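First comes the structure, then the notes that go with it.
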Amino acid sequence: MILGQVVGTVVSTRKDVGLSGLKLLVVRELDDALAPTGHLVVSADAVGAGRDEVVLVVAGSSARLTEATRDKPVDSVIVGIVDEVEENGSLVYRKQSSRPVPA
């Protein structure tokens with residue numbers, strides 16, 4: 001799984017029929033310090049994520065295992081909205097603040 005942050009949406013009026021009804025979001029990958037890595041991916045949204053939320057993303061064949069994406073032509077899907085991240089016993093992210101917690 002990959003931690004990422006939703007930074008935008010993709011609108012495509014002409015697409016494969018298998019993508020109809022799927023919301024497509026642009027996700028910026030985050031490293032272990034929740035800093036952007038520079039990698040962007042377009043992910044199908046299976047959980048109702050919104051802009052700026054920190055999310056869990058799966059890629060590859062696992063992306064086609066959610067109810068929303070089963071047998072769909074997707075390679076990346078958002079499977080969770082992150083509430084908190086704890087590392088080595090310290091809270092580094094809490095959704096309410098939308099920012100890393102100072103060390």
Response to the item:
Share of accessible surface on carbon and sulfur in segment 1-97, whole %, 1.4 Å probe and ligands ignored, is 49 percent
Discussion item. So, taking all protein chains as they sit and a 1.4 Å probe, how much accessible area belongs to LYS95, in Å² rounded to tens?
Written reply: 70 Å²
Practice prompt. Please express the Cα-Cα pair-distance distribution P(r) of the chain as a list of whole percents, one per 10 Å bin, running from 0 to the bin with the greatest distance.
Written response: 15, 46, 28, 9, 1
Discussion item. So if I place +1 on the C-beta of Lys and Arg and -1 on the C-beta of Asp and Glu, and nothing else carries charge, what would the dipole magnitude of the chain be about its Cα centre? I want it in debye, nearest 20.
Written reply: 460 debye
Worksheet, complete the sentence: Reported to the nearest 10 Å², ARG51 has, with a 1.4 Å probe, an accessible area equal to 150 Å²
Practice prompt. Quick one: which residues, 5 or more positions from ILE81 or on another chain, have an amide H under 5 Å from its amide H? H modelled 1.01 Å from N in the peptide plane, none for Pro or chain starts.
Written response: LEU56
Worksheet item: Cross-link partners among lysines for LYS15, C-alpha distance below 17 Å, same-chain residues fewer than 8 apart left out?
Response: LYS23, LYS72
Worksheet item: Hey, what do the phi angles of segment 51-65 turn into as Karplus ³J(HN,Hα) couplings, whole Hz, using 6.51/-1.76/1.60 and θ = phi - 60°, x for Gly and Pro?
Response: 4, 6, 6, 7, 10, 9, 10, 10, 9, x, 4, 4, 5, 9, 9
Practice prompt. Leaving out ligands and nucleic acids, note down the accessible area per residue over the chain with a 1.4 angstrom probe, in whole Å².
Written response: 62 Å²
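The values are calculated or read from the model by the stated rules, or taken from the named source; none is laboratory data. What you see is a predicted model; the values in this text were computed from it and never measured. Cβ atoms come from the backbone with ideal geometry, glycine included; neighbour counts cover every protein chain shown. Remember, those area values only see protein heavy atoms, side chains included, never the ligands or the DNA or RNA. Shrake-Rupley method; radii C 1.70, N 1.55, O 1.52, S 1.80 Å.
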